[in-house]
Amino acid sequence: MPTRKKSKNGLLFILQFVFVIILLIMIFAMLKKIYYSVQKEKKIKQEIETLQRENEKYNRENDNLNKLIKYLHSETFKEKAIKEKLNMVKQGEQVVVIQGADKTNLNPTNTEKEKAQVEIEFPNYYLWWQYFFGKR
């Protein structure tokens with residue numbers, strides 16, 4: 001009789017061990033699924049935040065464009081455009097002409113562009129040659 005009880009205890013121990021192993025495998029699989037779902041949720045939240053920032057950027061741009069459209073349809077813009085492009089004046093306004101003034105002289109960016117174009121006309125090897133062996 002004692003041998004039968006030992007074999008029964010051994011079988012019970014093996015069954016318990018197998019049950020614990022299966023339980024651990026199931027817990028590991030569940031933890032793995034939970035981990036991946038948390039990671040996926042983080043990615044989704046990041047993407048939502050990115051899309052919200054992009055949406056805000058486009059909303060600001062849209063507001064700016066709406067303000068520009070509103071300004072372009074305003075009377076002040078129309079009046080300014082007529083005065084500048086068609087050289088027209090309102091009744092009662094007087095035109096003052098300054099002699100000797102040239103539009104290119106009033107715009108300093110034109111001279112800067114011309115200087116930059118002059119420098120670009122020389123090839124690079126020539127500029128290096130002048131730098132090392134040119135007049136000092």
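The values are calculated or read from the model by the stated rules, or taken from the named source; none is laboratory data. As the structure is a computational prediction, the values presented were derived from the model and not from experiment. Positions of Cβ are generated from backbone atoms using ideal geometry, with glycine treated the same way; all protein chains shown enter the neighbour counts.
At a glance:
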| item | result |
| --- | --- |
| Residue in segment 62-80 that is farther than 30 Å from residue 93 by Cα, surrounded by 10 or more Cβ atoms within 10 Å (Cβ to Cβ) and of a type in the set (Lys, Arg) present | no |
| Some residue of segment 90-107 being hydroxyl-bearing (Ser, Thr, Tyr), at pLDDT 95 or above and assigned to a helix (DSSP H, G or I) | no |
| Where residue 122 falls short, out of the listed (1) surrounded by 10 or more Cβ atoms within 10 Å (Cβ to Cβ); (2) in a loop (DSSP other than H, G, I, E, B); (3) at pLDDT 80 or above | (3) |
